[in-house]
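Below is one structure, written out as structure tokens; comments come after it.
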């Protein structure tokens, strides 16, 4: 019988975990429809240039590159985000192994590979999988730079943090977390003034203070406050916390909390605690002032997974407890994650509305002079580029004028009623009642995920 040494066994496990994570992220990649924010990113990525620069350039550059290599489609737009998602599995293993132990590294890699929230964002032509990847790089090298007193490592952390902020500018909230850890570490150790330590911190924090001048830019101010006042429930502290807990799963959240109270808190755990908690606290505060959402905290996910893996290790080393009991927590975490993935793939349509099929319904009967009324005209611009798309809010502002225009026109009008968006700006259903009264119902494309109705109803208004 051939014996496999521990290192080879570790490598085999890591390869198997990464392959499994890759399969999850590639499965149905081209089947899922684009959703609203995603199609906006894809359209903007095609036009991206230094003349039409976006505040968060990294996802637009990546999506444009992905499209140029793999073609303009749902699959082609998402390939690079998927690769970044798969690479993050390896990265969290290296970080966990470096900070705590190889057991924590393997377990956190398993958790990230099976975490449905990460699967979802890996299958999106959006910024958030990039924020998690660069947050991992930033925090890992920042921690190593302080531990090993290495300027080179701190420069890598600085470059990674720049890419992090260029992925999604509100991810810059990670910087205060690193500052809190740096100050807390110095105060707790009660060591005399150290020029080398101060130089390391200045090399990192001074360049990152320069973007604060963006606050003076009117365009940046518009970006920060855009969408404020619409659907304020999604910007509330309760919703932000519930989004984070739902994305992480309850077992991971409980395990991470247990690690903070299990004691004693060692330096790696203190670092991860700052990484997890400071951005959350600041987001809860700024949610009362700015346009923030729970999924903006996605870049903090590795901290919670590493803390959960750490508490699993604490339980594992308690040899007086039987093996089955020591395995309960990690098995429960993975089981819940797998169940979420099953629901995601089999029941929730990938957590998004089925715009693709809704537009296929229209295209099968589309005529040259037809127009489409929908909540986001850019969806029509992508799926039916030859059609004239009308923003539904323009219709709401002058419903009587729109009705007169329709009666005078010779074409037909299609209405795509996506329930999730209509529930926000048509909460009294005034517009939907008008559509049901005047147009003919054609077909519904049902989708339900995360306790929300994401169905799309198709109507046709034909003037005789």
Legend entry - Label point distance in nm, residue 55-residue 43, each placed 7 Å from Cα along Cα→Cβ: 1.9 nm
Inset, instruction - For the chain, find the longest principal axis of its Cα atoms and tell me its angle to the long axis of helix 399-408, 0 to 90°, nearest 10. - result: 50 degrees
Legend entry - C-alpha long axis of helix 301-316 to longest principal axis of the chain, angle in °: 40 degrees
Inset, instruction - Starting from the Cα of residue 437, step 7 Å along the direction of its Cβ; do the same at residue 366; then give the gap between the two resulting points in nm. - result: 3.0 nm
Legend entry - Ellipsoid equivalent to region 355-462 - semi-axes via the Cα gyration tensor, in Å: 20, 17, 12
Legend entry - Mean Cβ neighbour count within 10 Å, used as a protection proxy, ranking 259-266, 273-280 highest first: 273-280, 259-266
Legend entry - Ratio Rg/Rh [Cα only; Rh per Kirkwood] for region 67-211: 1.03
Legend entry - Pair-distance profile P(r), taking every C-alpha pair of the chain, with 10 angstrom steps and integer %: 4, 18, 27, 25, 15, 8, 3, 1, 0
Legend entry - Degrees, to the nearest 10: 36-46 long Cα axis against longest axis of the chain: 90 degrees
Inset, instruction - Let me have the 222 nm mean residue ellipticity of the chain computed from DSSP H runs of 4+ only, each contributing -39500 (n - 2.57), with the sum over all residues rounded to the nearest 500. - result: -20500 deg cm²/dmol
Inset, instruction - Evaluate the distance, in nm, between pseudo-label points positioned 7 Å from the Cα of residue 446 and of residue 72 along their respective Cα→Cβ axes. - result: 3.5 nm
Inset, instruction - Set the Förster distance to 22 Å, then compute FRET efficiency between residue 266 and residue 322 from the Cβ-Cβ distance, nearest 0.05. - result: 0.25
Legend entry - Mean Cβ neighbour count within 10 Å, used as a protection proxy, ranking 343-349, 91-97 highest first: 91-97, 343-349
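The numbers here are math on the coordinates, done by the rules we state, and not lab data. This one's a predicted model, so the numbers in the text were calculated from it and none came from an experiment. Note: ideal-geometry Cβ built from the backbone for every residue, glycine included; neighbour counts use all protein chains shown.
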